[in-house]
Amino acid sequence: MNGIIELKGVSKTFRDFWLRPTVKAVDGLDLTVNEGEIFGLLGPNGSGKSTTIKMILGLLRPGEGEVRLFGLPPSDPAARKRLGFLPELSYLHPFLTARETLLYHAGLCGLDTKTARSRANELLEMTELVHAADRQVGGFSKGMARRVALASSIIGKPGLLILDEPTSGLDPVSTDEVKTLVKTLAKGGMTILMTSHLLGDAQDVCDRFMILNKGRSVAEGRVDAIGSSLQEYFLSKIGERRDFKVAPFLAQ
Amino acid sequence: MKSFLAIVLLELRRLWRSRSILVLLAACVGWMLAMPHLVKSDGTVEGARQIYVHFSLGGAFALTCIALASSGASVLSREREMRTLSLALTRPVKRFTLVFARIAALVASGAAVLAVCALVLFFNERDAGPCAHVLHPEMESLAEEAKRMYDYYMADPETPPEIKKAKKSVVMRILRQGALDHYQSIGTNDTAVWRFDSSALAPGAPLAVRLRFTNDFDMREDVRGDFSFGPWRGAISNITQAIVRVPLHHEEGGNPAAGAKPKDELVFTNNGATSLMLRPRKDIVLLAGADSFGSNLFRAWLELVSMLASLVAFAVFLGSGLGRSVAVFTCVAFMFVAVVSGDVIEQYPDQFETDRVDRIGLAITRAVEFASRPVNSLRPLSALSSGECVEKEEAALVVAMDAVLIPVVFAFLAAFILSRKED
Ligand SMILES: Nc1ncnc2c1ncn2[C@@H]1O[C@H](COP(=O)(O)OP(=O)(O)OP(=O)(O)O)[C@@H](O)[C@H]1O
Ligand SMILES: [Mg+2]
């Protein structure tokens with residue numbers, strides 16, 4: 001196996017200030033993402049998707065196991081050379097304009113000024129932000145901010161793109177556009193790892209998937225091999241729906 | 001390099017758009033312009049100048065330090081709170097660059113503010129004469145003198161036993177301090193001789209002696225005496241000020257420096273009616289004319305910017321590990337203790353301090369004083385204000401140490417802490 005991302009027996013336990021364990025967010029996870037595929041990391045809230053992604057990025061250190069990114073440890077800047085990341089919340093500098101945000105990230109990727117400028121213009125056009133390009137992103141709506149963050153994640157034309165809930169906060173039209181974008185990027189040779197709660201969309205986009213529950217992998221495979229809808233498959237793996245018990249709360 | 005510039009630009013934009021750099025600039029320039037109207041001097045032109053030069057640029061420097069140190073302490077901690085740091089850490093950028101670029105941006109803005117202040121000062125003092133090199137008399141080193149005194153006291157049966165029992169390092173520290181203050185007395189019609197190494201003096205440079213006698217004020221009128229330094233002559237009589245500057249004149253006119261041999265002796269003959277007291281290590285220096293006020297102001301600016309760089313680097317380092325408010329508080333507290341530490345140490349010598357809490361407090365103060373020594377000297381300001389040179393070698397050393405070495409070390413430490421911290 002030599003995937004672009006490789007996790008072997010990875011676990012992560014969060015601890016409080018006194019180093020007492022609070023939660024085991026990821027538990028003995030093996031995961032391989034191969035070149036050129038779109039991989040969907042799925043699972044209910046709190047199942048450890050974002051934690052897994054942060055370990056792949058080197059933002060968190062696994063308690064056990066080993067993470068390899070392009071065959072290197074994630075702490076190596078060389079491993080991050082061909083990496084784009086969209087976090088689950090768009091972390092932006094509120095005092096920068098949309099264009100400056102893109103140029104900042106282009107600079108961090110080491111692009112020269114000319115390339116950076118032309119790519120920023122293309123991406124602003126692509127994300128329909130041209131009219132707002134020179135406004136500070138602190139005043140942007142959630143969806144607009146999301147689009148700036150998405151654009152800055154791909155400004156370096158990465159070989160590997162990691163998207164944590166790319167469509168959260170986007171309207172249905174933009175969601176559809178992001179789906180098309182992801183597919184187009186993959187056709188161009190980009191490897192993509194994404195999480196999503198919209199299983200219909202994940203089914204349309206992803207080649208392979210893994211379902212996490214409580215930090216463990218409960219299912220893994222090719223999307224076209226499951227036969228049913230991903231939604232049904234997901235529910236069958238995660239278990240019964242648990243309705244919120246609202247009646248006692250209202251009765252008080 | 002591209003990523004370095006991107007981060008520098010980011011920080012400059014932050015400073016500019018949050019208006020903090022503008023507020024700082026306005027405050028500093030306002031202070032520089034208001035100072036001449038606020039100064040109450042001792043009535044002399046020199047005194048007024050001295051106070052103006054020292055406190056105008058000194059005040060602006062203090063404001064800049066406080067503003068940029070607190071900015072520096074919050075820059076990384078804020079990025080961590082906002083998680084923009086995590087995003088930057090997924091880019092192919094070294095952590096050292098992430099830290100060092102921020103220090104560079106803050107220092108560059110501080111340097112710009114101080115440059116404007118220095119220009120204001122230069123404009124106000126544009127008719128100031130050239131500065132002077134300061135030569136101290138060549139004497140036994142402080143350590144040598146302290147050692148000699150130590151051996152003497154230890155052998156002396158009169159020495160109180162508690163001093164004989166005290167730690168050698170403590171006694172030596174007190175003796176070194178004492179050596180600085182050793183008085184020399186010059187009786188009526190006596191002569192005193194101090195050796196000065198004049199080999200480095202530029203030919204033709206004007207010479208003067210600056211001295212201070214520790215006699216009572218009303219007895220100073222009786223002070224009278226002659227100086228000779230090789231072929232140079234000078235005289236004093238009827239002192240009205242605490243510190244006097246005695247210009248020396250060359251006997252033969254002509255090429256003045258030609259006659260000054262290396263290791264010349266400055267001879268003073270007391271012709272007055274009273275004997276005189278002075279501390280040779282503190283109270284008498286030879287002044288030799290050097291380059292213009294402007295070039296010395298430039299070197300003073302370089303030194304101040306370098307000290308600022310060390311302080312900002314320290315603040316950024318604190319912010320890499322601590323939360324924002326804790327980092328800012330620690331940094332400001334450190335600055336405060338550093339500023340007062342000199343006086344505290346001088347006023348509370350620790351040898352007879354028996355109270356445990358006092359001893360601990362003194363130990364901390366000493367540690368802060370020691371740690372802040374490279375950046376806690378207003379020497380360039382006091383030099384400028386009294387017309388002394390900011391020496392080139394000294395400025396180069398301060399730049400190398402404070403603007404390069406210390407920031408690089410702190411940036412490495414901060415980068416290491418960032419690599420240990422998790423999201
Ligand atoms: N920094 C942290 N400190 C402590 N616990 C954390 C931290 N980050 C995540 N956790 C815990 O780890 C578990 C997994 O969280 P994670 O964010 O990975 O879930 P997720 O699958 O991304 O969920 P969601 O779909 O809601 O985004 C949760 O129980 C969460 O509370
Ligand atoms: Mg998540």
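Candidates in the stretch B:319-331 are the residues that are over 16 Å from B:ALA67 (Cβ atoms) and part of a helix (DSSP H, G or I); of these, the one that is least open to solvent (accessible area, probe 1.4 Å) is B:SER320. Right, A:ILE56: modelled with pLDDT under 95 and within 13 Å of chain B (Cβ to nearest Cβ) or not? Yes; evaluated as a whole, the condition is true for this residue. Scoring A:GLY36 on the criteria (1) under 17 Å from the mean Cα position of the chain (by Cα); (2) on the phi < 0 side of the Ramachandran plot; (3) away from ligand 2 (no atom under 16 Å from the Cβ); (4) more than 10 Å from chain B (Cβ to nearest Cβ) leaves a single failure, condition (2). Considering (1) of a type outside the set (S, T, N, Q); (2) more than 16 Å from ligand 2 (Cβ to nearest atom); (3) open to solvent by 50 Å² or more (accessible area, probe 1.4 Å); (4) within 13 Å of chain B (Cβ to nearest Cβ), the lone condition that A:GLU122 does not fulfil carries the number (4).
Put simply, of B:PRO203, B:PRO247, B:PRO137, B:PRO231 the only residue that is closer than 23 Å to B:ASP264 by Cβ, touching a helix residue (DSSP H, G or I) at 6+ places or on another chain (Cβ under 9 Å) and open to solvent by 60 Å² or more (accessible area, probe 1.4 Å) is B:PRO203.
Scanning the stretch A:50-97 for residues that are of a type in the set (A, V, I, L, M, F, W, C) and open to solvent by 20 Å² or more (accessible area, probe 1.4 Å), which turns out nearest to ligand 1 (Cβ to nearest atom)? This residue is A:LEU89. So which residues in the stretch B:37-54 are under 23 Å from the mean Cα position of the chain (by Cα) and at pLDDT 75 or above? Within the stretch B:37-54, B:GLY47, B:ALA48, B:ARG49, B:GLN50, B:ILE51, B:TYR52, B:VAL53, B:HIS54 meet the criteria.
Going through B:ARG245, B:ARG224 one at a time, which residue ends up being at pLDDT 75 or above, outside the structural domain of B:GLU46 (by TED's automatic domain parsing) and over 20 Å from B:ALA273 (Cβ atoms)? Exactly one of B:ARG245, B:ARG224 is at pLDDT 75 or above, outside the structural domain of B:GLU46 (by TED's automatic domain parsing) and over 20 Å from B:ALA273 (Cβ atoms), namely B:ARG245. Across the stretch A:161-199, the number of residues qualifying as within 11 Å of the chain's Cα centre (by Cα) and assigned to a strand (DSSP E or B) comes to 8. Yes or no: the stretch B:340-360 includes at least one residue that is open to solvent by 60 Å² or more (accessible area, probe 1.4 Å), at pLDDT 80 or above and aromatic (Phe, Trp, Tyr). No, there is no match, as no residue in the stretch B:340-360 is open to solvent by 60 Å² or more (accessible area, probe 1.4 Å), at pLDDT 80 or above and aromatic (Phe, Trp, Tyr). A:GLY169 meets the conditions (1) among the small types (Gly, Ala, Ser); (2) out of contact with any helix residue (DSSP H, G or I) (no Cβ under 6 Å at 6 or more places or on another chain); (3) open to solvent by 10 Å² or more (accessible area, probe 1.4 Å) in every case but one. The failed one is (2). Of all residues in the stretch A:213-238, those that are more than 16 Å from ligand 1 (Cβ to nearest atom) and in a loop (DSSP other than H, G, I, E, B) total 4.
The values are calculated or read from the model by the stated rules, or taken from the named source; none is laboratory data. Just so it is clear, the model here is predicted, and its values are computed rather than measured. Neighbour counts are summed over all protein chains in view; Cβ atoms, including those assigned to glycine, are modelled from backbone coordinates with ideal geometry. Surface areas here come from the heavy atoms of the whole protein model, side chains and all, with no ligands, DNA or RNA. Shrake-Rupley method; radii C 1.70, N 1.55, O 1.52, S 1.80 Å.
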